[in-house]
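The values are calculated or read from the model by the stated rules, or taken from the named source; none is laboratory data. Everything numeric in this text was worked out from a predicted model, so none of it was measured. All Cβ positions, glycine included, derive from the backbone under ideal geometry; neighbour counts span all protein chains shown.
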Amino acid sequence: MTAAAREWEPAYARRAENMKASEIRELLKVLEQPDIISFAGGIPDPALFPAREAAAAYAEALVSEGNAATALQYSMSEGYQPLREWIADYMASRGVQASPENIVITAGSQQALDFLGKLLLTAGDTALVTAPTYLGALQAFAAYEPRYDTIRPEQTNRTPNSYSKAAVKAAPGARVKFAYTVPDFANPTGATLSRSARIALLDLARNLDIAVIEDTAYQALRFEGADIPPLQAIDLAMCGGLDKSRVIYLGTFSKTVAPGLRVGWICASRPLVRRLVLIKQASDLNMSAINQMVVHRLVAGGRHAELVTRARARYRAKRDAMLGALTAYMPTSVSWTRPEGGFFIWLTLPAGISGASLLTRAVDEARVAFVPGAAFFHDGSGENTIRLSYSLPDTSAIETGVRRLASLLR
């Protein structure tokens, strides 16, 4: 091949080598095939989107010159003040006494993860994660070249010192920087941390003197069982105030309002928020003002609770349909989680069956898609696991898809 025929590329930064495509985002391409039943992406049901209300909210934001000037202009990096005030009130309802100064608005919680990786990680530092954990978090942190170590909050069988020693041994001068968890109806397993496990994780963080990143994307979508306070609320009760808390709370409207608006938030101590605002200024200056105004109009005055109530009912019916189909059709050699909320069910296949290989057959032969479980492990393990999402298909498609998948496994 001649030099002229080769595509030119620059000399990339070392961190670029750690950036890999999301298996989930790649799998979403199969949604373009109308005959595929997709259990792949954790995609909210469009039937729940408040489309008419959003149209009215956009019109209201633009109806007067004063509103339009705010909606279409650059805005504060911290975020739209009325929305931050609403979030502070929402956090209070979750047991976290916060002020707007403790809140920064982000482009969904995914941007928050990227910002926190940038703020907290030096190359070689250790991030503590569950195994499996949210793939998007591993992707967001990867650019900052961390080392990962595994935490098992429900099975605290390691000492804080063992984590510190392992971090230094792997990279002299490096240290453990934070623990990341999805405590409620976790992506990908659907599992929820018990109160005792949350306290154990906070104790570990206190002994290591590290931050805890609490990703609460699914927290509002509880279908049954007793609510458990956020890690941040538990920590506040022990440390005496949000500005003393080591917990960084990530919230989002993507699962309860609409993901296309791309509005999430970070709630944390004011010193940490001030650092995040500097990153926000350097990244994208500010979130879309009009989208923030629309979200505020969609959730204020008790409307958020109405959206959550509708979402819970719809997703609970889908969860029940999937659990029922799994019980009816799956071979006894397959086991699965039974989540009390959220979007996901986690399947463990018999030893020796590859989730990735099964996906190829499932798409080609059964026209069913899911996510192989290995993508959610920082060490590439979990070969015989898969994640099923029930959030998008209707109950009839869920029953059909599980039946087809079970026939392959038989």
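A few points about this structure:
- The stretch 153-167 residues that are among the polar types (S, T, N, Q), paired with ones that are not in a helix (DSSP H, G or I) (beta carbon under 9 Å, 6 or more apart): Ser164/Thr126; Ser164/Arg175; Ser164/Val176
- Test for Ile213: is it touching a Leu at 6+ places or on another chain (Cβ under 9 Å) and surrounded by fewer than 22 Cβ atoms within 10 Å (Cβ to Cβ): no
- Whichever residue in the stretch 335-372 is among the small types (Gly, Ala, Ser) and under 23 Å from Arg316 (Cα atoms) and, among such residues, is surrounded by the fewest Cβ atoms within 10 Å (Cβ to Cβ): Ser335
So that you can scan it fast, the table gives a plain yes or no per residue for (1) in contact with a strand residue (DSSP E or B) (Cβ under 8 Å, 6 or more places away or on another chain); (2) in the same structural domain as Pro372 (by TED's automatic domain parsing); (3) under 15 Å from Glu224 (Cα atoms); (4) buried (at least 19 other Cβ atoms within 10 Å of the Cβ):
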| residue | (1), (2), (3), (4) |
| --- | --- |
| Pro271 | no, no, no, no |
| Met287 | yes, no, no, yes |
| Arg319 | yes, yes, yes, yes |
| Ala325 | no, yes, no, yes |
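- Within the stretch 373-399, considering residues that are farther than 23 Å from Lys255 by Cβ and not polar (S, T, N, Q), the one surrounded by the fewest Cβ atoms within 10 Å (Cβ to Cβ): Gly380
- Some residue of the stretch 62-74 being small (Gly, Ala, Ser), assigned by TED's automatic domain parsing to the domain that holds Pro230, surrounded by fewer than 17 Cβ atoms within 10 Å (Cβ to Cβ) and touching a residue at least 24 places away in the same chain (Cβ under 8 Å): no
- Glu383 vs. criteria closer than 25 Å to Ala142 by Cβ and charged (D, E, K, R): yes
- Long-range neighbours under 7 Å by Cβ, at least six apart or interchain, first residue over 19 Å from Ser77 (Cβ atoms) within the stretch 291-302, second of a type in the set (D, E, K, R): Arg297/Glu60; Leu298/Glu53
- Lys20 fulfils the conditions (1) at pLDDT 70 or above; (2) buried (at least 17 other Cβ atoms within 10 Å of the Cβ) except for a single criterion, (2).
- For the stretch 127-181, the candidate set comprises residues that are assigned to a loop (DSSP other than H, G, I, E, B) and aromatic (Phe, Trp, Tyr); within that set, the residue that is surrounded by the fewest Cβ atoms within 10 Å (Cβ to Cβ) is Tyr144.
- Flag for Tyr249 being of a type in the set (Phe, Trp, Tyr), in contact with a Phe, Trp or Tyr (Cβ under 9 Å, 6 or more places away or on another chain), modelled with pLDDT of 95 or more and not assigned by TED's automatic domain parsing to the domain that holds Ala71: no
- Scope the stretch 225-242; condition surrounded by 17 or more Cβ atoms within 10 Å (Cβ to Cβ) and either in a helix (DSSP H, G or I) or without any contact (Cβ under 8 Å) to a residue 12 or more places away in the chain (or both); matching residues: Leu231, Gln232, Ala233, Ile234, Asp235, Leu236, Leu242
- The residues in the stretch 234-254 that are small (Gly, Ala, Ser) and touching a strand residue (DSSP E or B) at 6+ places or on another chain (Cβ under 6 Å) can be counted, and the count is 1.
- Per the listing Val257, Val212, the residue uniquely in contact with a strand residue (DSSP E or B) (Cβ under 8 Å, 6 or more places away or on another chain) and not acidic (Asp, Glu) is Val212.
- Among the residues listed as Leu278, Leu285, Leu204, the single one being farther than 14 Å from Met91 by Cα and assigned to a loop (DSSP other than H, G, I, E, B): Leu285
- Filtered residues of the stretch 360-397 (kept if farther than 25 Å from Asp149 by Cβ and within 23 Å of the chain's Cα centre (by Cα)): Ala369, Phe370, Leu388, Ser389, Tyr390, Ser391, Leu392, Pro393, Asp394
- Residue check for Arg246: touching a Cys at 6+ places or on another chain (Cβ under 8 Å) and among the basic types (Lys, Arg): yes
- Criterion violated by Val277 - all others in (1) touching a strand residue (DSSP E or B) at 6+ places or on another chain (Cβ under 7 Å); (2) assigned by TED's automatic domain parsing to the domain that holds Leu388; (3) of a type in the set (A, V, I, L, M) satisfied: (2)
- Pair list, Cβ < 8 Å and 6+ apart or interchain, from the stretch 179-203 residues that are in the same structural domain as Thr156 (by TED's automatic domain parsing) and small (Gly, Ala, Ser) to residues that are part of a helix (DSSP H, G or I) and at pLDDT 95 or above: Ala179/Leu201; Ala179/Leu204; Ala179/Ala205
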